[in-house]
Each structure stands twice: as structure tokens, then as C-alpha cells.
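**Q** Have a look at this one.
The values are calculated or read from the model by the stated rules, or taken from the named source; none is laboratory data. Worth saying up front: this structure is predicted, and the values here are computed from it rather than measured. Here the Cβ positions follow ideal geometry from the backbone for every residue, glycine too, while neighbour counts run over all protein chains shown.
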Amino acid sequence: MTDSRNPDRTGQFVRQSLAGGLLILLPLAIIAFFFKWVYQLVTGTISPVTMVFVDGLGMPRAVADVLVVVLLVLLCFMVGNLVATRMGQWLWKRMESWLVARVPGYRMVQEITMQVLGKSDDSPFRRGEVARFWLYGREAGVSVTALVTSHHPDGQMTVFVPTGPNPTSGFIYHAPADLVELRPDIRVDQMMKTVLSCGAGSGSLWATGKPVPTATGEQDRP
């Protein structure tokens, strides 16, 4: 008499093996796809400069790509060190005033870049004001992960609610301060991990520490 449980055990074994393989290989495949996308984006952008080395010096395309990237990194390093000096700051202010006057949209792009990189004093990524936003009121019991981006003179707050798994897109809300629960014990990178994982790990994240009551009448911080 055959054991009727054998097919079930075989099916369970196959499912567990496939799931275990996917848990290991799928993240690696996603990371490889991401780096491939970044590589194609970067090499496509620097292609005009790369072709100078390929056509002029006969370098292989891959070697020329790496060389141009290294040169760009060194250029950024040198420019960063230059503007840190008094002379560099004076030259940069002169050049920046010229760019603002003649290049449309320069100031807007510069401010966005400073906000994203956290170089601006008003950058939410620098302040790191992670919050729990009660979207439909505390009575409804529904909250979303948010990042405070602005404090209004009338006490309201502007929060950005990122969408997962792509945190660069999301929704902007202007809400009363009593609906925004600040969590200074949670870092921005910790919050972003839960967004990238579509909420996985939120239970342990929000369970740590204690919320801080928001103060009304607080304006944007310098």
C-alpha cells in the first residue's frame, strides 16, 4: 500500500527548493539589473568624451569608459577642494552669478540638487524628520510613513509620502501638526529601507522609541 502523503511531500519539497533558490538568486538578479541600468546610463551620458579616447588613442571601449569615470571623479574632487578655499569661493560666486543670469532654470536645478544631496540647511534629508502621518485622522487608525519637508507659519506641516518600492515618487500633503507624529529616533535610511521593501520591517521600526509631540506655530527652520 503506497503512502498517499508522498506526492504532497514531493510537492512541498519542490516548492521549498524553488522558494529557497529564488530568495538567493532573485535579489542578486535585481542588483545586477540595477547596476547594468546605471552602467548603461552613465556610459551613454559620457559617450561623447569616451569616443575621443576610443577614436583618438585606440582604447577599448570598456577601458575608455572606466578612464572617463575616474577623470570625472577626480574633477569633482578637485572642484570641491577648490571651492573650499577663499579664492575658490570668490571665483565660484562670480561664475554662479553669471550662470544664474544666463542659464534658464539653473537656480531651480541647483536647489533641487542641494535638497536631494542634503547640502541645503533646509533639506529634509539633512534634518531627517521622519514622521508617521495620520492621513484620515487619528480616529480612522490609518497612518503612512512620511518625511516632513516644511513647517508652515500657521502651524501646519508639509509631508512627503514616498511610494514603494520606488521612493523617488510619492505624494505631498499639507496637514495640521496634530496629524503628524514626529519620530526623531528613526533615521531616514531606516525609513527608506521599509519603503524599498514595500513596508516589510515596519512593525519593528515603528515599535522602537517614542513619538515626539509636534509643536504648532513653527516656521521653516534655517
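**Q** Using beta carbons and a limit of 6 Å, which pairs, at least six apart or on different chains, have the first residue in region 151-165 and within 18 Å of L135 (Cβ to Cβ) and at pLDDT below 90 and the second one surrounded by fewer than 16 Cβ atoms within 10 Å (Cβ to Cβ) and not basic (K, R)?
**A** As it stands, the answer is T163/S169; G164/C198, since those pairs meet every condition given.
**Q** For region 166-189, what are the residues that are closer than 22 Å to A207 by Cβ and either hydroxyl-bearing (S, T, Y) or without any contact (Cβ under 8 Å) to a residue 24 or more places away in the chain (or both)?
**A** Result: D189, single match.
**Q** Can I ask one more? Mind listing whichever residues of region 27-39 are farther than 13 Å from V69 by Cα and not β-branched (V, I, T)? Steps first, answer last, please.
**A** Looking only at region 27-39, we keep the residues that are farther than 13 Å from V69 by Cα, and these are 27-37.
Answer for region 27-39, where residues must be farther than 13 Å from V69 by Cα and not β-branched (V, I, T): P27, L28, A29, A32, F33, F34, F35, K36, W37.
**Q** Of everything in region 111-138, what is surrounded by 15 or more Cβ atoms within 10 Å (Cβ to Cβ), at pLDDT 70 or above and either in a strand (DSSP E or B) or not aliphatic (A, V, I, L, M) (or both)? Give them in sequence order.
**A** Once the filter is applied, which keeps residues that are surrounded by 15 or more Cβ atoms within 10 Å (Cβ to Cβ), at pLDDT 70 or above and either in a strand (DSSP E or B) or not aliphatic (A, V, I, L, M) (or both), region 111-138 yields E129, V130, A131, R132, F133, W134.
**Q** Please work out if L18 is of a type in the set (A, V, I, L, M), surrounded by 10 or more Cβ atoms within 10 Å (Cβ to Cβ) and not assigned by TED's automatic domain parsing to the domain that holds V70. Let's see the steps before the verdict.
**A** Details: of a type in the set (A, V, I, L, M): yes; surrounded by 10 or more Cβ atoms within 10 Å (Cβ to Cβ): yes; not assigned by TED's automatic domain parsing to the domain that holds V70: yes.
In short, yes.
**Q** T50 - would you say it is farther than 30 Å from S169 by Cβ, assigned to a helix (DSSP H, G or I) and either touching a strand residue (DSSP E or B) at 6+ places or on another chain (Cβ under 8 Å) or of a type in the set (S, T, N, Q) (or both)? Steps first, please.
**A** Details: farther than 30 Å from S169 by Cβ: yes; assigned to a helix (DSSP H, G or I): yes; either touching a strand residue (DSSP E or B) at 6+ places or on another chain (Cβ under 8 Å) or of a type in the set (S, T, N, Q) (or both): yes.
So T50 fits the description; yes.
**Q** Right, something else. Could you please let me know if V68 is touching a helix residue (DSSP H, G or I) at 6+ places or on another chain (Cβ under 8 Å), at pLDDT 85 or above and surrounded by 11 or more Cβ atoms within 10 Å (Cβ to Cβ)? Steps first, answer last, please.
**A** Details: touching a helix residue (DSSP H, G or I) at 6+ places or on another chain (Cβ under 8 Å): yes; at pLDDT 85 or above: yes; surrounded by 11 or more Cβ atoms within 10 Å (Cβ to Cβ): yes.
Judged against the criteria, V68 is a match.
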